[in-house]
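Engineer: Pasting a structure here, questions to come.
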Amino acid sequence: MFTYMECKRFVVCGRVQGVFYRASTQQQAKNLGLTGWVRNCHDGSVELVACGDTERLHKLEAWLWQGPSHATVSAVAVEPTTGEQFASFEMRYE
């Protein structure tokens, strides 16, 4: 059975740095079988690109609103994106 793969870019705002948000997001994405990357941004937000089937991306988006226990999420912006293929879900340090 063919599963359509799509990619989405997320920007998560709130108290999302210094609370293991990136590492928790990476683990959640891996658990869902998604590929892509996550990184901290200079403005205090967390940005990620995740690729996979629609249902798994929806599950990740729902989790992003909660995050790890010490996070406080105030907004999650999401938009479709295209581009490179990813072999895994990595943490970026840019």
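Engineer: Towards the positive end of the charge dipole of the chain, with charges on Cβ (+1 Lys, Arg; -1 Asp, Glu), say which of C51, P80, V38 has the farthest Cα.
Structural biologist: Towards the positive end, the residue furthest out is V38.
Engineer: Please work out the average accessible area per residue across the chain, using the 1.4 Å probe convention, and give it in Å². Intermediate values should be presented prior to the final figure.
Structural biologist: Details: 5570 Å² over 94 residues.
Each residue of the chain exposes 59 Å² on average to a 1.4 Å probe.
Engineer: Mind putting a number on the dipole of the range 10-94 about its Cα centre? Charges go on the C-beta only, +1 for Lys and Arg and -1 for Asp and Glu, and I need it in Debye to the nearest 20.
Structural biologist: The calculation lands at about 300 debye.
Engineer: Give me the angle, in degrees from 0 to 90, between the Cα long axis of helix 54-66 and the longest principal axis of the Cα atoms of the chain, rounded to the nearest 10.
Structural biologist: Tilt relative to the chain: about 10 degrees.
Engineer: Can you give the Rg and Dmax of the range 1-51 based on its C-alpha atoms, in angstrom?
Structural biologist: 12.0, 42
Engineer: What is the ratio of the Cα radius of gyration of the range 3-85 to 2.2 N^0.38 Å, where N is its residue count, to two decimals?
Structural biologist: Details: Rg = 11.7 Å, N = 83, 2.2 N^0.38 = 11.8 Å.
Cα-based Rg divided by the globular estimate yields 1.00.
Engineer: Let me ask something additional. Could you please state how large a percent of the accessible area of the chain is carbon and sulfur, counting protein chains only and using a 1.4 Å probe? Let's see the in-between values first.
Structural biologist: On the way: 2840 of 5570 Å².
That fraction is 51 percent.
The values are calculated or read from the model by the stated rules, or taken from the named source; none is laboratory data. As the structure is a computational prediction, the values presented were derived from the model and not from experiment. Methodologically, a virtual Cβ is constructed for each residue, glycine included, from the backbone with ideal geometry; neighbour enumeration extends over all protein chains shown. Accessible surface is based on the protein model in full, side chains and every heavy atom, while ligands, DNA and RNA are left aside. Shrake-Rupley method; radii C 1.70, N 1.55, O 1.52, S 1.80 Å.
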